[in-house]
Amino acid sequence: MTESQKLYTRMRLWEFPDRYVIESTDGSSGPCLAINRVDASMNLIDEVPHCSGEPKTLTIFGVVGMLKLFAGSYLIVITERECVGSYLSHPFYKATSLKIFPCDHSPKSTPAEQKKMETEFSALLKVAEKTPGLYFSYDVNITLSAQRLHELGDESRLLPLWRQAEPRFSWNNYMLEDLIDKKLDPFLLPIIQGSFQSFQAAIGKDIIDVTLIARRCTRRSGTRMWRRGADSDGYVANYVESEQIMKLNGYTASFVQVRGSIPLLWDQIVNLTYKPKFEILRLEEAPRVIERHFMDIRKRYGNVIAVDLVNKHGGEGRLSEKFADAMQHISGDDVRYLHFDFHQICGHVHFERLSILYDQIKDFLVKNSYLLLNESGEKVEVQTGVVRSNCIDCLDRTNVTQSMIGRKLLEFQLRRLGVFDAEETISTHSNLDDSFKILWANHGDEISIQYSGTPALKGDFVRFGKRTFQGILNDGRNSLMRYYLNNFCDGTKQDAIDLLQGHYIVSASRDMMPTSQKRGIEAVASFRLAMSLVMTGLFFTMMSLRRVRYDLWNVLFSIMWASMSLAVALVVKANGRVFCNRPSLHKPPR
């Protein structure tokens with residue numbers, strides 16, 4: 001980047017009655033950005049204007065972008081950051097707090113119904129302020145893997161970061177559009193959503209530095225249950241690129257894996273059942289959708305092996321069968337499909353049996369290698385293929401499997417550099433082993449929280465190398481929490497995501513539909529009330545059962561309370577649409 005394109009790393013935001021002004025406070029000498037608080041128009045000014053009063057000021061660390069709604073636009077900025085490590089020797093930051101400033105000082109001209117809708121959309125922005133896992137760098141393009149960065153030409157390296165950024169991994173790409181139109185390069189900060197984990201460990205006299213980065217794709221982003229499968233262009237839900245980087249004795253190695261939902265048109269409609277049925281849509285389009293999906297992967301990563309970890313029976317089995325059938329049309333030397341029934345082979349505790357899967361993909365891993373740069377930054381090896389893993393959520397089984405593959409590749413690299421002998425493994429070095437497990441466990445938890453709202457299941461095996469009683473209990477609790485979030489929170493969260501990503505474009509002409517009045521049970525029903533009644537019934541049932549041996553009348557009371565609990569639960573299930581927060585944005589993703 002040239003000096004004029006260098007990003008501002010620290011700024012002061014001034015709140016004047018008629019506008020916001022953002023000035024650099026990091027020593028840069030560039031102009032200030034003025035944003036009109038009435039119509040959100042932007043222009044550069046030479047200095048902060050004088051004001052008779054005392055305007056509010058706030059230190060910020062980046063401009064996320066602008067979002068336009070009915071009655072005005074909203075400025076989104078980073079108010080707190082944390083340096084979490086470095087990426088290819090450049091500082092890597094996590095955004096720990098966002099703040100949204102409205103540019104809506106002309107609401108009097110807005111119709112009443114439009115104001116009401118604006119209030120509802122503004123509430124979604126409150127959810128957006130709490131978006132987890134946002135990372136950025138002022139100096140290096142973190143949307144690209146080390147190999148893709150190395151392949152950039154000299155001209156591309158001179159471009160501002162937003163021009164270099166991979167749009168699918170740039171979380172705020174849509175929100176930057178207005179700033180891009182105004183050519184406000186020093187304020188255009190690309191942000192990724194994902195994860196960043198790192199550690200250093202000693203191997204004898206050598207110090208190894210390992211980093212793990214996740215980049216979530218924005219093309220079909222969303223929450224568990226509310227975003228499943230693929231769209232007609234082949235983009236899949238919960239698609240994540242995970243890059244494991246190792247530095248040792250001047251050498252740098254990088255290995256990339258990807259995960260993503262089964263690339264069919266399928267869905268799960270939230271209806272208060274614990275596992276809603278899988279619905280496969282427009283099956284006749286499956287070959288075309290899968291072809292588009294894998295064509296895109298081949299274009300970006302080279303050869304691909306699709307490791308399908310779902311069950312062979314039930315609803316999962318039906319999805320897997322259709323996936324395998326569609327893959328027959330494109331399988332060849334550069335695309336392979338491999339099914340591995342994780343639950344059947346590994347059960348709930350024997351995850352060491354993943355060695356069976358490793359034996360099946362070892363040749364692919366060896367053949368397609370990894371990026372290796374020597375002390376001079378020259379390429380010694382390149383990665384020519386990628387493992388694409390999936391289960392149903394692409395969270396729990398997938399993360400256990402990817403951590404196993406990442407472990408094997410790190411051992412390959414250490415043997416290649418002469419640090420490990422032929423029989424040596426990571427597990428023979430307790431400090432390295434413990435750090436590596438924690439690295440992948442935290443990685444899986446962070447991705448899982450963004451998609452499901454809870455840490456990953458089976459995380460105890462990744463973290464400790466074995467299943468534990470406490471880990472099984474945690475999985476039970478997190479499963480129940482996922483059920484609650486899927487049914488009663490994630491619809492609103494999905495709307496907020498769609499708004500930020502530009503999958504839903506606000507339009508007064510089509511969105512001014514009057515809100516229908518709730519009638520009957522819908523006017524009073526709520527999940528908390530229903531759950532309170534169920535829990536109360538169960539409590540008195542248990543109390544009555546404990547007293548049965550003293551008084552037979554308690555048998556009758558036990559039956560009565562249990563029946564009431566069951567009746568309320570059945571009403572909740574039958575009226576699932578009443579209690580679930582169905583998304584308010586009825587639209588296909590853009």
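The values are calculated or read from the model by the stated rules, or taken from the named source; none is laboratory data. In this text, all values refer to a predicted model and were calculated from it rather than measured experimentally. With ligands, DNA and RNA removed, areas are computed over all heavy atoms of the protein, side chains included. Shrake-Rupley method; radii C 1.70, N 1.55, O 1.52, S 1.80 Å.
Once the mean of 1/r is taken over each pair of separate Cα atoms and inverted, the stretch 162-222 shows a Kirkwood hydrodynamic radius of 13.9 Å. Hull volume per residue, based on the alpha-carbon atoms of the stretch 207-311 and their convex hull, is 138 Å³. Using the 1.4 Å probe convention, the accessible area of the stretch 244-392 works out to 44 Å² per residue with neighbouring protein chains retained.
What ratio of Cα Rg to 2.2 N^0.38 Å holds for the stretch 10-130? Intermediate results must be reported in sequence, preceding the final value.
Details: Rg = 16.2 Å, N = 121, 2.2 N^0.38 = 13.6 Å.
Output field value: 1.19.
Evaluated on the stretch 389-507, the Kirkwood hydrodynamic radius is 16.3 Å, with distances taken between all distinct Cα atoms.
Placing 429, 348 in order of accessible area, with the largest value first and a 1.4 Å probe, yields 348, 429.
Which percent of the Cα-Cα distances in the stretch 272-319 go past 17 Å? The calculated P(r) of the stretch 272-319 puts 55 percent of pairs beyond 17 Å. Cross-link partners for residue 275 among the lysines, with Cα-Cα distance under 28 Å and sequence neighbours closer than 8 places in the same chain left out: 130, 312, 322, 458, 466, 493, 518, 573, 587. Relative contact order of the stretch 242-283, taken over Cα pairs closer than 8 Å and 6 or more residues apart, is 28 percent.
Over all distinct Cα-Cα pairs of the stretch 280-361, the Kirkwood formula returns a hydrodynamic radius of 13.9 Å. Working from the Cα coordinates of the stretch 328-394, the gyration tensor eigenvalues give, after taking √(5λ), semi-axes of 29, 17, 11 Å in decreasing order.
Our summary of shape: the Cα atoms of the stretch 145-263 have principal axis extents of 50, 39, 21 Å, ordered from largest down, in whole angstrom. Over the stretch 53-186, one equal point on each Cα, no solvent: what is log10 I(q)/I(0) by the Debye formula at q = 0.23 Å⁻¹? Debye intensities relative to I(0), on a log10 scale: -1.50.
Within a straight-line Cα-Cα reach of under 17 Å, residue 408 can be paired with the following lysines, leaving aside sequence neighbours fewer than 8 residues apart in one chain: 247, 362, 367, 437.
Residue 81 sits with roughly 70 Å² accessible to a 1.4 Å probe, with DNA, RNA and ligands left out of the calculation.
The aspartates and glutamates within cross-link reach of residue 68, meaning a Cα-to-Cα straight distance under 16 Å and a gap of 8 or more places when in the same chain, are 39, 104, 118, 120, 129, 177, 178, 181, 495, 498, 511. Derived from the Cα gyration tensor, the three semi-axes of the equivalent ellipsoid of the stretch 279-423 are 30, 21, 11 Å, largest first.
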